[in-house]
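A short write-up of the structure that comes next.
What follows is calculated from the coordinates using simple rules that are stated; it is not laboratory data. The model shown is predicted, which means the values in this text are computed figures rather than measured ones. Cβ sites come from the backbone with ideal geometry, for glycine too, and all protein chains shown count toward neighbours.
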Amino acid sequence: MANLKLNGVELHVGFDDVDSPRGGCTTDLVSEIAIKWSKRGVKFIDYPNLVRLNPAIPWKTRGNGALSLRVLAESYELAKDMCSEAISISEDYVAEFTHLKRSPHVVCFIGHVPGELESMGEKAVRDVVLIDEALSIVEKHLPKVITWSNSSNRRGLIGALAAVGNRLTKDHTYELIAYRSRDYWGTPRLIDPVSVFKMDEETGGLTFLNVDKEANRILIAPHGPDPILFGIRGEEPSALIKALSIVKTGEPIAKWIIFRTNQATDEHLKRVRNLCEAYAYTGVIAVGRVSRDPRIIAGGHVILTIADECGEVDAAAYEPTEDFRGIVKELKPGDVVEVYGVVRPPSSIHGKTINLEKIRVIKLAEVLRQLNPICPKCGRRMTSSGKGKGFKCTYCGYRDPTASKVVVIEKRRVAEGWYQPPPRAFKHLMKPLERFGREKSGWSGVMIEKWHS
Ligand SMILES: [Zn+2]
């Protein structure tokens with residue numbers, strides 16, 4: 001990256017929403033170009049990047065992932081030629097494909113990525129980037145920026161440009177994606193679950209979210225008609241290569257490739273100073289005090305209300321998070337919690353709501369309960385004899401006209417600490433607790449020799 005001496009002209013190509021009419025996806029197209037270029041001897045300065053963008057944005061593109069290729073060309077002219085080639089392959093990929101909901105875009109940037117584009121790329125993960133912001137960056141850097149789309153919808157431009165801008169300079173992970181050969185698209189995936197559990201065991205800690213032990217389910221395979229056979233997520237490329245050698249499939253792997261990504265990093269979350277800064281369409285980490293008893297609403301979702309000196313906001317644990325809801329439900333007014341999640345704007349039926357992705361119970365409040373006194377003769381709980389008349393025991397007949405209620409500290413069914421939803425409810429950017437302490441502070445710029453098939 002910045003500290004590397006590079007001989008040649010940098011070319012960064014960003015892609016977003018480039019699906020094919022046959023059920024392809026952007027990662028399939030990008031891996032096709034990457035493998036083609038790599039086999040031709042093109043010098044890559046990074047693994048293909050898979051940048052997951054702000055999941056709080058309702059008008060996001062499918063899968064919410066944008067990609068980029070970063071290579072070194074021998075000259076400005078050759079960089080331009082390679083850009084044309086990437087565009088031409090993308091054009092073929094989406095051929096005869098017009099869909100109002102798709103906004104395929106390719107953006108080339110020739111030269112070193114400028115700071116303002118890097119900032120835009122990071123902003124697109126945790127905040128809202130407007131089309132005008134993207135267009136003004138493009139215009140400012142012409143002719144070093146070349147854009148292509150077959151859609152009048154500009155949404156994909158933001159993603160493709162953000163994928164060029166976000167250099168994954170802080171925490172990052174890797175994903176090895178294996179693809180199906182075309183004859184198998186749309187058929188059930190044949191992956192030996194035993195081998196996936198074995199792989200999880202043998203690469204423990206260096207790969208994650210492979211399986212859901214509680215549900216006895218593998219998580220590496222998607223379910224749709226897309227060309228992905230499976231994806232293995234991990235901390236280091238070498239661990240992914242090992243994982244690949246352990247997983248057994250009943251169908252051929254057409255190709256595989258390693259992406260560097262912001263998945264499982266919580267890059268979409270920003271710590272806010274108070275609840276007023278929890279703006280709609282952003283991801284936040286916020287501390288508050290539980291201000292009401294949690295409530296269960298239609299659909300089985302649990303709503304927690306937290307407050308601070310600045311205001312009150314709801315936080316929701318949705319039904320698919322299953323047991324996680326049980327933890328949230330046990331919280332009581334006065335508990336201090338740190339919530340992680342993206343903010344939904346208010347609607348006619350609910351206020352501004354943080355969709356809970358994780359929670360830390362920082363401090364449990366002492367919940368006091370007033371109980372009737374215990375009978376000193378038989379040990380059972382007495383009942384009131386009437387206002388100001390003390391208590392009586394209905395079992396043995398003992399009476400004490402001077403007895404009064406006793407105050408006890410309620411035993412809580414939740415402990416201080418971290419809680420997260422089960423693995424099967426995880427979304428791309430959510431950092432599992434297992435990754436805490438494994439965060440990376442940068443990238444060496446060194447790639448392993450064999451990073452694709
Ligand atoms: Zn008694």
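Tell me, what ³J(HN,Hα) does each residue in region 255-271 have, in order and in whole Hz, if you take phi through Karplus 6.51 cos²θ - 1.76 cosθ + 1.60 with θ = phi - 60° and put x for Gly and Pro?
Whole-Hz 3J(HN,Hα) from phi for region 255-271: 6, 9, 7, 9, 9, 9, 8, 9, 4, 6, 10, 6, 4, 7, 9, 10, 5.
Taking the Cβ-Cβ separation of H112 and R271 as r and a Förster radius of 30 Å, what is the calculated FRET efficiency to the nearest 0.05?
Working: r = 30 Å, r/R0 = 1.00.
Plugging the Cβ-Cβ distance into 1/(1 + (r/R0)^6) gives 0.50.
Quick one: if you stick a label point 7 Å off each Cα along the C-beta vector at A280 and E366, how many nm between them?
Each label point is offset 7 Å from its Cα along the Cβ direction, giving 4.2 nm.
Taking K242 as the anchor, which lysines have their alpha carbon closer than 20 Å to its alpha carbon, excluding any fewer than eight residues away along the same chain?
K198, K255, K450
Starting from the Cα of H141, move 7 Å in the Cα-to-Cβ direction to define the label point; list residues of region 26-68 whose amide nitrogen is under 15 Å from there.
Residues 67-68 fall inside that zone.
Counting only residues 5 or more places away or on other chains, whose amide H sits under 5 Å from the amide H of T305 once H atoms are built in the peptide plane?
Close amide H contacts, sequence-distant or interchain: S291, R292, A315.
State, as an integer percentage, the relative contact order of region 9-165 based on alpha-carbon contacts under 8 Å between residues 6 or more apart. Let's see the in-between values first.
Numbers: 303 pairs, mean separation 57.5, N = 157.
With pairs under 8 Å counted, the relative contact order is 37 percent.
Select from region 65-166 those GluC sites (Glu not before Pro) which occupy a DSSP coil region and have at most 14 other Cβ atoms within 10 Å, ordered by residue number. Mind showing how you got there, number by number?
On the way: sites: E74, E77, E85, E91, E96, E116, E118, E122, E133, E139; in loops: E74, E96.
Passing both the DSSP loop test and the Cβ count: E74, E96.
Mean separation of Cα pairs under 8 Å and 6+ residues apart, divided by the residue count of region 368-409: what relative contact order is that in percent?
Numbers: 78 pairs, mean separation 17.8, N = 42.
That works out to 42 percent.
What are the extents of the Cα atoms of the chain along their three principal axes, in Å, largest first?
Sorted largest first, the three principal extents are 99, 49, 43 Å.
Return the Rg/Rh value of region 153-230, two decimal places, where both radii are evaluated on C-alpha atoms and Rh is the Kirkwood radius. Intermediate results must be reported in sequence, preceding the final value.
Working: Rg = 16.2 Å, Rh = 15.3 Å.
Radius of gyration over Kirkwood radius for region 153-230 works out to 1.07.
Quickly estimate the mean residue ellipticity at 222 nm for the chain, helices only: each DSSP H run with n ≥ 4 gives -39500 (n - 2.57), and the total goes over all residues, rounded to 500.
Values: 8 runs with 92 residues, N = 453.
It comes out at -6000 deg cm²/dmol, rounded to the nearest 500.
Running Debye on region 9-165 with equal point scatterers at the Cα sites and no solvent, what base-10 log of I(q)/I(0) appears at q = 0.10, 0.12 Å⁻¹?
-0.30, -0.44
So if we plug the beta-carbon distance of E202 and S181 into 1/(1 + (r/R0)^6) with R0 = 35 Å, what FRET efficiency do we get, rounded to 0.05? List each step's numbers first, then the result.
Numbers: r = 27 Å, r/R0 = 0.77.
After rounding, the FRET efficiency stands at 0.85.
Mean 1/r over all different Cα pairs, inverted: what Kirkwood radius does region 303-453 give, in Å? Display every interim value, and only then the final one.
On the way: mean 1/r = 0.0499 Å⁻¹.
Computed over Cα pairs of region 303-453, the Kirkwood hydrodynamic radius comes out at 20.0 Å.
Using only alpha carbon pairs under 8 Å that are at least six residues apart, calculate the relative contact order of region 321-453 and give it in whole percent. Walk me through the numbers on the way to the answer.
Numbers: 183 pairs, mean separation 31.1, N = 133.
Averaging sequence separation for qualifying contacts and normalising by length gives 23 percent for region 321-453.
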